[in-house]
Structure formats: C-alpha cells, structure tokens
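Worksheet: the structure to be examined is printed underneath.
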Amino acid sequence: MTTEAPLLRLENISRSFGAIQALRDISFEIGRGEVVALLGDNGAGKSTLVKIISGGLEPSSGRVIYDGAERHFTSPADGKAAGIETVYQDLSLCTNVDVVANFFMGREIVKKYLGVPVLQEKAMEEIVAKALSDAGTKIPSLRTNVEHLSGGQRQAIELNRFVHWGGKLVLLDEPFAALGVEQTRRGLELIRRIADQGIGVIFITHIMSQAFQVADRMVVIRQGKVAGDVRRSETSADEIVQLITGEALGGRARSIDQDNGQAHPAA
Amino acid sequence: MLPRVVAGLAADGAGQFQAAALLKPASLKPVRHRRNTRSRSMVSSNRRAAIEFVLDHLVWFILIAVLALFSLTIPNYFQIGIFANIVEQSTFVGTLAIGLSLLIIAGYMDLSIESVMALAAMVVGILFAKSGVGLGIAFTPEWLVVPISLAVALAIGAMVGASNALFVVKLKMNSFIVTLAAYIWGRGLVVALSGGRSAQELPAELRFLAIQRFLQIPLMAWIAIIATLVFAFILNRTPFGRHLLMIGGNPTAAYRAGIKVDRLTATTFVLAGAIAGLAGWLLAIRTSGATANLGVGMLFQTFAAVVIGGVSLKGGVGSLPGVYAGVLLLASIQTAINLMGMPAHFTQLIQGGMVLVAVLLDTFKLSIRKRLA
C-alpha cells in the first residue's frame, strides 16, 4: 500500500514489566491516511503497545521509526509535539466552555492591548467554523457549551482539533464504547474522513463489525505478539476471531508473519 | 480531582439519555427534520437558550424582585440614600467575593479570606494609625501613606495566598483544610499582633476614600466595583480567565492541552489572597483602624453571595457581575431587616438560611441544566 516511507514503523518492539513480558518482538507499520484496527483479547498487550506509540511508555528493546526518523519518546508530551496523540473520549474536552474555547484550548489567539492579552473570539470562531466545515462536521452552534453536545459531536471536535493542530497519527482507544448505534456510524465515517486527510489512525476495538467497516488493515495482538496483520479485503471475521483466540494458529498466521517481514527489508 | 471528573462524566452520560426522554413530551412543535432522530438539539434550542439565560442571570432577576418587593412593602426603603447605602455596605464582601469566586471557579476553596482581610487591616492599623496599638508612621508628602499602605495590605494577602498555594498545589493537600487552617491561624495572628487591643485614627489621606463620595457612593465602594469589573474582564476576555474556567471544568483536559495548571492555580491563590488584602485595606480605612474581631462572619456572607451569584460549587461556572449582584442582594436584605427594626440576631439567622438557600439553588440549577443537556 505504501511505497514511500510509512508514517510509523515499529521494529521488534519488546516490553517487559519485571519478569512479565507484555510485548514480544512486535513489528508493524502504518502509512499516511491508513486506518489500522488493533484487535486482541483483554490482556493481549494492546494498551501497552498504544502507550509505547504515544510516548507513555518506553520499549525495553526495539525501534520506533516515525516520520522517517528513529524516535525515543519519553513522555506523551513528546509524542504530542511530534503529532502523535491518543484521543480519549471526553477526557480531553472541557464541557463547561464552548466549542471554540475547546478547539483553541491552551493556544488561544490573543491581541495585546497595553500588554494585556485579550482573546480574539471572532478570529477563533472563524477558524473553527472553517476547520469543521472542511472536515464535513456539523455542529449547530460553535458557541454552545460542549456539555450540550452529543458524544459523537464531542468526538468530532476532538478529532478535528487534533487534525487542525498538526496531528499526523491518532490513537483511539475504544472510541465508541459509550456511543449509540447512529453515533457510532457517524464516528466511523469521521474516522474515514480523518484518514482521507492523510492522517494515520490506529484504533483499538473489541467489536469486529466496527473494524470491518472502517479499517484498511487489522493487526491482531495475542499474548504480546503480532498474531496477524491482514488487509480487510483479504480476511474474514472468522479468521480474525481465530487469530484473537489463538485457535488454529495455522499456516495462515505464519505466512502473514513472513509477509510482514518482507514489508521492511531494512530490518 | 480525577474521581470528580469521572463522576462528572458519568453523570453527563446519564443526563443525556434522561434529557432526551424528558424533553420530548414537553416540545409541542412537530419535529421538522424527520431524518434527525435526536430532536432535542433543534426543537428545544430556543427554549433552552431562554432557560439558560434565566439560569445564568438568575441572581439579577432575584435582586430586582427583592428590591421591588421591599420598596413596595417597607416604608422608606425606596430612596437613593438607601440604595447608596446598600452599595456602600457591599464594599468588603464584594471585594472578598472576587477572590473566592476565582478559586471556586477553578475548582478550589478559600476559607482564609476573612482572616487575611482582618490581618491586612490590622497590620495597616498598627503601622499607620495614630492611637491604640497604632505606631502612627507618617510620610512626607503625607499622601504617600495611600500607596504604601495599599502595597503593605496587598503583600500580606499575597503572602498568605502563596502559603495556601504551596500546601495545595505543591503538597497536594485539600484546599478546604489548608485554607481552614489559614482561617484559624490568620485570626490568631491578628489577636496576637494587636494583643487583643485596637488601632485607631488612620490619617486623613486614607480616610478620604471612605468619606469622599461620587454619585452618593463613597470612593472605596467604587474601588470594589472597579475591581469586580477588572476581574470580570480578566475572567471573560483573557487566556488566564479562560484557562481558569477550563481547569474548573476538567483539569485533566486542561493539563493535556498544555495549560500550566499548577502555576495558574498557584497564581489564583496568590491573587485571592491579595484581593482579600485589598478588602482589609478598605475595611481599615472605613473603620479608621482595626479591632481584633474585625470582619468576623464575613466569610459566610461572602460564601453565600458567591453561590447565590451563580458560581457553581462544582467549579467551572460563574461570572463576577453575577457575584456582585449576589452581594447586593444580601446587603439589600440586611438593610430591610434593619429598616424593619428587627433585632440584629435575626440577620444571622437569615444569613444562615441564605447560605442554605444558595447551595440549594446551586443544586437545583445543576439539575435543570442536566435536564437541558
């Protein structure tokens, strides 16, 4: 899919906590504009992996190559500065202020009068209106407090904010856990639109149908290893379930590992 | 702090579903856009805006209603002199309320303000008053006592604020307990410094602010009003104020967005202390000195005014003009009690009731907002 350098490449990432090996030799990559679903049973190591990618944890060994260079993120702030961020539902919004304020949280446009910084509400509102309409997101009023918006709209604000401020790779951990059917459908559309703007999206889910609706590729983690890395078009729900649970870890999964190896001969 | 956030989220989530169920039967208008299954955002948006407006400015409506009621029922209530007196009385509680509001909006609490005010007043009294425990320090030219005494009062307030900030922000102690301690030791220090005696006779240059009037209102009351307006501007129109609201709403999100939460919180504690120092300076000028029990009970009046004024105890919600209206409301009630010739202890009974009513109102408004969400 990507002939040029991938957005993010993980090479032989391992991570242990004392005697416990949470991740063993994880290798996979994600390109610009690609949506990868990260699947796996509870305790398979998905969260650890997400933390390593976003900078929350450092790997015990292995290399993280992002945007063409090897990186050593030591904190989520490092990751964020580089354009990688985990978007947690609702944890990143202040519901007591309006959409514009949330969009510009911490980066408000100000003009100084006699040395006093004054918020430029009009300018900020115009930028938010443009960013949201470019992304095809509709919010009734940008001056509504976020507490009055639906879960889907909140997610849209967070993702659009992320894109607007130069985000390149977004990690979504169970993004639709609290959403209804209709909102989830819109959320999946939103993920697609975000990816179409050239953003890499990694999303963790337990729900197979969501992965099949939106992901280009699915990476299955089992017992800290990549059990499978398959294109959506070349797999089936049954096969993914088998990969997750480890039943019939037969020829298919092994051949996938080889495919994966071929994808980056530099390793 | 995190549990609060999580609880808030859970409540929000539950509120949404409830709201959808509750608002549907109330909206009589037919749903215009069929394909939108969530009708609440459009059908009720005007109504919601109206209710929001009333909730946001509830205190002004109450104030107008109460003033109208008193004017109609209490003889001699309706005159300029009475209203000017209400504004004058509001000076100290009004000033204290600014700092308390900022901290409650940021999600903290400051119980120390009353003692900080008394401490600042006592130090100003001791340094510049001419009799009692006063040392009667004077300057040439004599008006220099105005900026110097103000600086002293602000510095004392800021120092106590900084000590509160140290315990709350650096040592992660609960702000309620830390400032309760400061409330107690602050008053103790006032008594210790003065030996229980009072300082009298501040210089005329200072007294000028309490005596000289503009539009029938003494200059010191104007100082409180101007301070309220300045901080209202800071809260609504500057990044500092915006970030304060965000910290009160969701400190985790603010932190994740790169806002320096700790530094901002510490600054706010220092500010609240300095503002209490300002209140102490004004109070010393008004009483032309200080006594050891100066301003006792103002904390609870301030607290009631802040909550009645629309600052939510949950944090993240509030406006300073509203708080000033809350202060005016309390002062008008007090004036009515005086005019009716009720015994003074009734004031305290009613004020206790007002604190309860204020918190009840806060809860009530919160549940209405939930339903609107």
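The values are calculated or read from the model by the stated rules, or taken from the named source; none is laboratory data. Since the structure is predicted, the reported quantities are computational estimates derived from the model, not experimental observations. Methodologically, a virtual Cβ is constructed for each residue, glycine included, from the backbone with ideal geometry; neighbour enumeration extends over all protein chains shown.
For residues that are buried (at least 16 other Cβ atoms within 10 Å of the Cβ) and aromatic (Phe, Trp, Tyr), scanning just segment B:70-104, find the one that is farthest from the chain's Cα centre (by Cα).
Only one residue tops the list, namely B:77.
So, of the residues in segment A:106-126 that are among the aliphatic types (A, V, I, L, M) and touching a residue at least 12 places away in the same chain (Cβ under 8 Å), which turns out to be surrounded by the most Cβ atoms within 10 Å (Cβ to Cβ)?
The extreme case among them is A:124.
Right, residue A:27: over 19 Å from residue A:229 (Cα atoms), among the small types (Gly, Ala, Ser) and assigned to a strand (DSSP E or B) or not?
Spelling it out, it is not the case that residue A:27 is over 19 Å from residue A:229 (Cα atoms), among the small types (Gly, Ala, Ser) and assigned to a strand (DSSP E or B).
When only residues in segment A:142-167 that are touching a residue at least 40 places away in the same chain (Cβ under 8 Å) and outside any helix (DSSP H, G or I) count, which is surrounded by the most Cβ atoms within 10 Å (Cβ to Cβ)?
A:149
Does segment A:134-155 contain any residue that is away from chain B (no Cβ under 12 Å), among the aliphatic types (A, V, I, L, M) and over 19 Å from the mean Cα position of the chain (by Cα)?
Yes, segment A:134-155 contains at least one residue that is away from chain B (no Cβ under 12 Å), among the aliphatic types (A, V, I, L, M) and over 19 Å from the mean Cα position of the chain (by Cα).
How many residues does segment A:1-22 contain that are buried (at least 20 other Cβ atoms within 10 Å of the Cβ), of a type outside the set (Val, Ile, Thr) and within 21 Å of residue A:201 (Cα to Cα)?
5
Please specify each residue of segment B:279-300 satisfying the condition of being assigned to a helix (DSSP H, G or I), crowded, with 24+ Cβ neighbours inside 10 Å and not aromatic (Phe, Trp, Tyr).
From segment B:279-300, those assigned to a helix (DSSP H, G or I) are B:279-287, B:298-300; that's our starting set.
Keeping just the survivors that are crowded, with 24+ Cβ neighbours inside 10 Å gives B:279-285.
B:279, B:280, B:282, B:283, B:284, B:285 - these are the residues of segment B:279-300 that are assigned to a helix (DSSP H, G or I), crowded, with 24+ Cβ neighbours inside 10 Å and not aromatic (Phe, Trp, Tyr).
Which numbered condition in (1) touching a residue at least 40 places away in the same chain (Cβ under 8 Å); (2) within 14 Å of chain A (Cβ to nearest Cβ); (3) at negative phi is the only one that residue B:310 fails?
(3)
Mind listing whichever residues of segment B:332-360 are out of contact with any helix residue (DSSP H, G or I) (no Cβ under 7 Å at 6 or more places or on another chain) and in a helix (DSSP H, G or I)?
Passing the criteria: B:338, B:339, B:345, B:348, B:349, B:352, B:353, B:356, B:357, B:360.
Restricting to segment B:241-261, give me the number of residues that are more than 8 Å from chain A (Cβ to nearest Cβ) and not small (Gly, Ala, Ser).
The qualifying residues number 6.
Only one of these is basic (Lys, Arg) and part of a loop (DSSP other than H, G, I, E, B): A:138, A:122, A:130. Name it.
None of the others qualify; the one that does is A:138.
Could you tell me whether residue B:67 is within 30 Å of residue B:333 (Cβ to Cβ), more than 16 Å from the chain's Cα centre (by Cα), assigned by TED's automatic domain parsing to the domain that holds residue B:267 and surrounded by 18 or more Cβ atoms within 10 Å (Cβ to Cβ)? If you could, list the steps in order and put the result at the bottom.
On the way: within 30 Å of residue B:333 (Cβ to Cβ): yes; more than 16 Å from the chain's Cα centre (by Cα): yes; assigned by TED's automatic domain parsing to the domain that holds residue B:267: yes; surrounded by 18 or more Cβ atoms within 10 Å (Cβ to Cβ): yes.
So residue B:67 passes the test.
Condition first: small (Gly, Ala, Ser) and either modelled with pLDDT under 95 or under 30 Å from residue B:261 (Cβ atoms) (or both). Now tell me which residues in segment B:99-120 satisfy that.
Within segment B:99-120, B:99, B:101, B:106, B:107, B:112, B:115, B:120 meet the criteria.
Residues B:186, B:248: which one is in a helix (DSSP H, G or I), closer than 27 Å to residue B:319 by Cα and in contact (Cβ under 8 Å) with a residue 12 or more places away in the chain?
The conditions single out B:248.
Tally time: how many residues in segment A:231-241 are under 18 Å from the mean Cα position of the chain (by Cα) and buried (at least 20 other Cβ atoms within 10 Å of the Cβ)?
0
Matching residues to (1) at pLDDT 85 or above; (2) under 25 Å from residue A:65 (Cβ atoms); (3) out of contact with any Asp or Glu (no Cβ under 8 Å at 6 or more places or on another chain):
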{"site": "A:183", "(1), (2), (3)": "no, no, yes"}
{"site": "A:196", "(1), (2), (3)": "yes, yes, yes"}
{"site": "A:229", "(1), (2), (3)": "yes, yes, no"}
{"site": "A:233", "(1), (2), (3)": "no, no, yes"}
{"site": "A:249", "(1), (2), (3)": "no, no, yes"}
{"site": "A:253", "(1), (2), (3)": "no, yes, yes"}
{"site": "A:260", "(1), (2), (3)": "no, yes, no"}
{"site": "A:263", "(1), (2), (3)": "no, yes, no"}
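For segment B:190-212, which residues satisfy the criterion of being closer than 15 Å to residue B:91 by Cβ and basic (Lys, Arg)?
B:207
Kindly indicate whether residue B:276 is in contact with a helix residue (DSSP H, G or I) (Cβ under 9 Å, 6 or more places away or on another chain), in a helix (DSSP H, G or I) and within 30 Å of residue B:131 (Cβ to Cβ). Before you say what the answer is, go through the steps one by one.
Details: in contact with a helix residue (DSSP H, G or I) (Cβ under 9 Å, 6 or more places away or on another chain): yes; in a helix (DSSP H, G or I): yes; within 30 Å of residue B:131 (Cβ to Cβ): yes.
Yes, satisfied.
Just wondering, is there one or more residues in segment B:264-276 that are more than 23 Å from residue B:148 (Cα to Cα), aliphatic (A, V, I, L, M) and more than 14 Å from chain A (Cβ to nearest Cβ)?
Yes: segment B:264-276 contains one or more residues that are more than 23 Å from residue B:148 (Cα to Cα), aliphatic (A, V, I, L, M) and more than 14 Å from chain A (Cβ to nearest Cβ).
Do we have residue A:87 as in contact (Cβ under 8 Å) with a residue 40 or more places away in the chain, closer than 25 Å to residue A:164 by Cβ and either in contact with an Asp or Glu (Cβ under 8 Å, 6 or more places away or on another chain) or not β-branched (Val, Ile, Thr) (or both) here? If you could, list the steps in order and put the result at the bottom.
Values: in contact (Cβ under 8 Å) with a residue 40 or more places away in the chain: yes; closer than 25 Å to residue A:164 by Cβ: yes; either in contact with an Asp or Glu (Cβ under 8 Å, 6 or more places away or on another chain) or not β-branched (Val, Ile, Thr) (or both): yes.
When the stated conditions are applied, residue A:87 passes them.
Can you find, within segment B:302-337, the residue that is surrounded by the most Cβ atoms within 10 Å (Cβ to Cβ) among those that are among the polar types (S, T, N, Q) and over 9 Å from the mean Cα position of the chain (by Cα)? Spell out how you get there, then give the answer.
Start the filter on segment B:302-337 by keeping residues that are among the polar types (S, T, N, Q), which leaves B:302, B:312, B:319, B:332, B:334-335.
Those left that are additionally over 9 Å from the mean Cα position of the chain (by Cα): B:312, B:319, B:332, B:334-335.
Details: B:312: 18, B:319: 19, B:332: 24, B:334: 20, B:335: 18.
Ranking the qualifying residues of segment B:302-337, first place goes to B:332.
When you go through B:49, B:120, B:151, B:138 one by one, which is the residue that is in a helix (DSSP H, G or I), small (Gly, Ala, Ser), surrounded by fewer than 24 Cβ atoms within 10 Å (Cβ to Cβ) and more than 14 Å from chain A (Cβ to nearest Cβ)?
Within the list B:49, B:120, B:151, B:138, the selection yields B:151.
Considering only segment B:220-240, how many residues are more than 9 Å from chain A (Cβ to nearest Cβ) and closer than 13 Å to residue B:321 by Cβ?
10
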